[in-house]
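Comments concern the structure below.
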Amino acid sequence: MTLRIATWNINSVRLRAEAVSRLLREEAPDVLCLQETKSPVEKLPLDAFAALGWRHVVARGQKGYNGVMILSRVPIEDAGDRGFCGRGDARHVAARLPSGTILHNFYVPAGGDLPDPVANPKFRHKLDFLDEMRAWFAAEQPRGAILVGDLNIAPREDDVWSHKQLLRVVSHTPVEVEAMAAMQAAGGWVDVTRAHIPEGRLYSWWSYRAPDWQAADKGRRLDHVWATPDLAERSGGSRILRAARGWDGPSDHVPVLAEFEA
């Protein structure tokens, strides 16, 4: 059985419920992980998705910001969530898939605009969050797991439109890239998207500030699909749905999809 998983920072699921429905109709992922849903769980627009066949939900929410959700057309079980940095933010949730695989959905803090952990508390929070993830994975040593989400870091030089110009821009600074690499290594995670697309520029986010995002093409790959080695070797492919950036009223992120043999 092939299981298709998608991850998407939707930037308000209630505002973009039709875009989610379009993705479900056109791409039909078995499981869709959303970040930045910006809604309490009880106000999520679940009826529209259930009508299309996606009836199973595991979610954590907050009013107006953060929020993570796993939407599925196959049965899933709530596998809990983990709080980070003592804040109680809705930035992680996990589900157990029918195969027993644990699927983690993360929304890592963006970190603000100034890449200085002393002058910018938001950037300090981001680094602390990544360090807590690293410590958790080092202790847990995950197996049979998939991790997806908006990790808010573009790690490789070809994950950004200009490595040189973005070295001092939050999301591509050396300290963030190093923290991400340490966290990834601690869990033994494999970057599934880059395993299937090893070369070339690859983006999943384009700023709203660009008057013509497609012509400027100043993107970054902030959204990721990782898996533990036992599952990564059973991945059938991964791709980024760039076209979704041009949909009506789009999110500034686009979906990333990957397939796994369950």
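Here, each number is a calculation from the coordinates, and none is a lab measurement. Because the structure is a prediction, the values reported are computed rather than measured. Here Cβ is always computed from backbone atoms with ideal geometry, including for glycine, and neighbour counts include all displayed protein chains.
Other residues within the sphere of radius under 13 Å centred on the Cβ of ASP212, judged by their own Cβ, net out at +2 (K and R +1, D and E -1). Which stretch or stretches of segment 52-76 have amide N atoms under 18 Å from the point lying 7 Å from THR2's Cα along the Cα→Cβ direction? Answer for segment 52-76: 73-74.
The rule of thumb for compact globular proteins, 2.2 N^0.38 Å, goes into the C-alpha radius of gyration of segment 75-132 1.40 times.
Inter-label distance, ILE197 to LEU114: 3.5 nm, where each label sits 7 Å from its Cα along the C-beta direction.
By the gyration tensor of its Cα atoms, with a ≥ b ≥ c the square roots of the eigenvalues, what is the shape of segment 160-240: rounded for a/c under 1.5, prolate for a/b over b/c, or oblate? In terms of gyration-tensor shape, oblate. Using a Gaussian network model on the chain with a 10 Å cutoff between Cα atoms, which of GLN62, GLN184, GLN214 fluctuates the most? Of the options given, GLN214 has the highest mean-square fluctuation.
Could you work out how much longer the chain between ALA48 and ALA216 gets when fully extended? Use 0.36 nm per residue separation minus the Cα distance between them, nm to one decimal.
57.0 nm
Annotation for HIS163 and GLU132: the two label points, set 7 Å from Cα along the Cα-Cβ direction, are 3.3 nm apart. Across q = 0.13 Å⁻¹, the chain modelled as identical point scatterers on its alpha-carbon atoms has Debye log10 I(q)/I(0) values of -0.79, in the order of the q list. For segment 2-261, the number of Lys pairs separated by eight or more positions or lying on different chains, with C-alpha atoms closer than 29 Å, is 14. Where the alpha-carbon atoms of segment 107-211 are placed on the principal axes, they occupy 43, 36, 21 Å, in descending order.
Give me the net charge of ALA139's neighbourhood, meaning all other residues with Cβ under 14 Å from the Cβ of ALA139; Lys, Arg count +1, Asp, Glu -1.
Neighbourhood net charge equals 0.
Computed over neighbours whose Cβ is under 11 Å from that of VAL41, the net charge equals +2, Lys and Arg +1, Asp and Glu -1.
By the beta-carbon count within 10 Å of each Cβ, the least crowded to most crowded order of PHE84, PHE106, fewest first, is PHE84, PHE106.
Could you list TYR107, TYR65, TYR208, TYR203 in order of exposure, starting from the residue whose Cβ has the fewest other Cβ atoms within 10 Å?
TYR208, TYR65, TYR203, TYR107
Extension gain for ALA243 to LYS63 (0.36 nm times residue separation, less C-alpha to C-alpha distance): 61.9 nm. Would you give the gap between the C-alpha center of segment 151-170 and the C-alpha center of segment 210-262, rounded to a whole Å? Rounded to whole Å, the Cα centres lie 16 Å apart.
Taking other C-beta atoms within 10 angstrom as a stand-in for reagent exposure, THR101, THR193, THR173, THR37 fall in the order THR173, THR101, THR193, THR37, fewest first.
If R₀ is 41 angstrom, what is the calculated FRET efficiency for the pair ARG22 and ALA139, using the beta carbon separation as r and rounding to 0.05?
Computed FRET efficiency for ARG22 and ALA139 comes out at 0.55.
Residues in segment 154-195 near a label at SER99, defined as backbone nitrogen under 20 Å from the 7 Å Cα→Cβ point? Hits in segment 154-195 for SER99 at 20 Å: 187-195. Helices in the chain, meaning DSSP H runs of at least 4 residues, each add -39500 (n - 2.57). Divided by all residues, the mean residue ellipticity at 222 nm is -7000 deg cm²/dmol. For segment 40-139, what does the relative contact order come out to in percent, with C-alpha contacts under 8 Å and a separation of six or more? Value for segment 40-139: 18 percent.
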